[in-house]
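The values are calculated or read from the model by the stated rules, or taken from the named source; none is laboratory data. Just so it is clear, the model here is predicted, and its values are computed rather than measured. Here the Cβ is made from the backbone with ideal geometry for all residues, glycine too, and neighbour counts use every protein chain on show. Accessible surface areas use protein heavy atoms only, side chains included; no ligands, DNA or RNA. Shrake-Rupley method; radii C 1.70, N 1.55, O 1.52, S 1.80 Å.
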Amino acid sequence: MNKISSVDPNKVPKVKLYNGAEIPVVGLGTFGSDNYDNETIAEAVRTAVRSGYRHIDCAAIYGNEKEIGRVLKELFDEGTVTRDELWITSKVWNDSHGRVIAAAEQSLADLGLESLDLYLVHWPFPNHHAKGVTVDSRDPHAMPYIHENYMKVWREMEALVDAGKVRNIGTSNMTRPKMELLLRDCRIKPVVNEMEMHPHFQQPELFNYLKEIGIAAIGFCPVGSPNRPERDKTPEDTVPIEDPVIAAIAEKHGVHPAVVCIKWAAQNGQIPIPFSVKPEKFMSNLRCVTEDPLSAEEMAAIKKLDRRNRFIKGQVFTWEGATWEDLWDEDGKIKGA
Ligand SMILES: NC(=O)c1ccc[n+]([C@@H]2O[C@H](COP(=O)([O-])OP(=O)(O)OC[C@H]3O[C@@H](n4cnc5c(N)ncnc54)[C@H](OP(=O)(O)O)[C@@H]3O)[C@@H](O)[C@H]2O)c1
């Protein structure tokens, strides 16, 4: 195996959240898209933390928090990092909206931690699916967004903060109209929304709205998730890392096009969480935010590449009679409620 050169974690910029907490601008994704087993992903976490990563994006549904927890314990025991030096995110899955505190406690037990740095509501719907299903699979009990129910989830999220089990809370896959309702009714404002963002799906309206109201954006699928599950692929989908503009910028900087996507995201004020279990790939994703930034012209050229091409459409979360577009409130109205 090639020797992996480390990145000094102090050189990795941090994004300051509205409450003063600071999150490292690049995190390691841990969803293996059904392609990698739990041990392989946990070993990637080990190498990543030993080599300078300080931010790990976990979730109960990824099914690997126990394996990651075992690795974290070993990293603490060997003295590689202290708990306070790491930023660990987890998420409550859609099947646990009625038992958020119990779900958080399970993630804490699996990860072997006393508190999480960030806990997210993974999706604003209680609709779920079994592992590895096809795009046609539907939860027969699937429901549209019901704000009253979401607020019950959020009250439990707030209680987790009060109890000191979670330092920060946030949302994921939210839209502007849903966020407006949450802001109206919450006691603790979310610090972030985790959402799909890459050069072909930049979400400028939602991103700018979040910026205005002081909520940061964690960007998932920052490379365009080229190996995502088949259920998340449609014939119209494009491939950001094959975009000729991205490829030309990559060539100029002597890096892979994926690295250009990460540089763009970080320089644009997002917090990208790229996934890879391959050390040369995940370390290039971290190192790239510490050196050789994109020029203003390159940033402007990437801004023009937006194709409004959402990859994670969420078909499997739709309720009877709904299409995946109904999940995203593009016309500013919440559907089905
Ligand atoms: N909140 C949500 O609803 C949500 C949804 C989706 C994802 N996420 C989170 O976001 C993370 C990232 O999303 P994702 O994994 O779907 O997409 P991604 O990070 O855009 O893409 C990952 C793929 O890109 C390749 N890649 C990464 N870095 C590379 C590099 N430097 N050079 C070449 N190829 C590179 C990897 O290839 P190899 O396989 O060859 O390593 C991997 O298959 C997930 O792991 C998860 O933590 C959250």
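What the table shows:
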item	result
Any hit, segment 254-270, residues being basic (K, R) and in contact (Cβ under 8 Å) with a residue 40 or more places away in the chain	no
Qualifying positions in segment 268-287 - within 8 Å of the ligand (Cβ to nearest atom), crowded, with 19+ Cβ neighbours inside 10 Å and part of a loop (DSSP other than H, G, I, E, B)	I273, P274, F275, S276, V277
Test: residue in segment 178-190 that is part of a loop (DSSP other than H, G, I, E, B) and either within 16 Å of the ligand (Cβ to nearest atom) or within 28 Å of V260 (Cα to Cα) (or both)	yes
D84 vs. criteria free of Cβ contacts under 8 Å to residues at least 24 places away in the same chain and either open to solvent by 10 Å² or more (accessible area, probe 1.4 Å) or not in a strand (DSSP E or B) (or both)	yes
Test: residue in segment 227-244 that is open to solvent by 10 Å² or more (accessible area, probe 1.4 Å), in a helix (DSSP H, G or I), without any contact (Cβ under 8 Å) to a residue 40 or more places away in the chain and in contact with a helix residue (DSSP H, G or I) (Cβ under 6 Å, 6 or more places away or on another chain)	yes
Residue among G164, G219, G224, G170 that is at positive phi, at pLDDT 95 or above and either surrounded by fewer than 16 Cβ atoms within 10 Å (Cβ to Cβ) or part of a strand (DSSP E or B) (or both)	G164
E194 being within 25 Å of K333 (Cβ to Cβ), part of a strand (DSSP E or B) and modelled with pLDDT of 95 or more	yes
Among the candidates A250, A258, A301, residue that is assigned to a helix (DSSP H, G or I) and within 21 Å of the chain's Cα centre (by Cα)	A258
Members of segment 43-59 found to be within 13 Å of the ligand (Cβ to nearest atom) and free of Cβ contacts under 8 Å to residues at least 60 places away in the same chain, listed by number	V45, I56, C58
For R231: the one exception among (1) touching a Phe, Trp or Tyr at 6+ places or on another chain (Cβ under 7 Å); (2) within 16 Å of the ligand (Cβ to nearest atom)	(1)
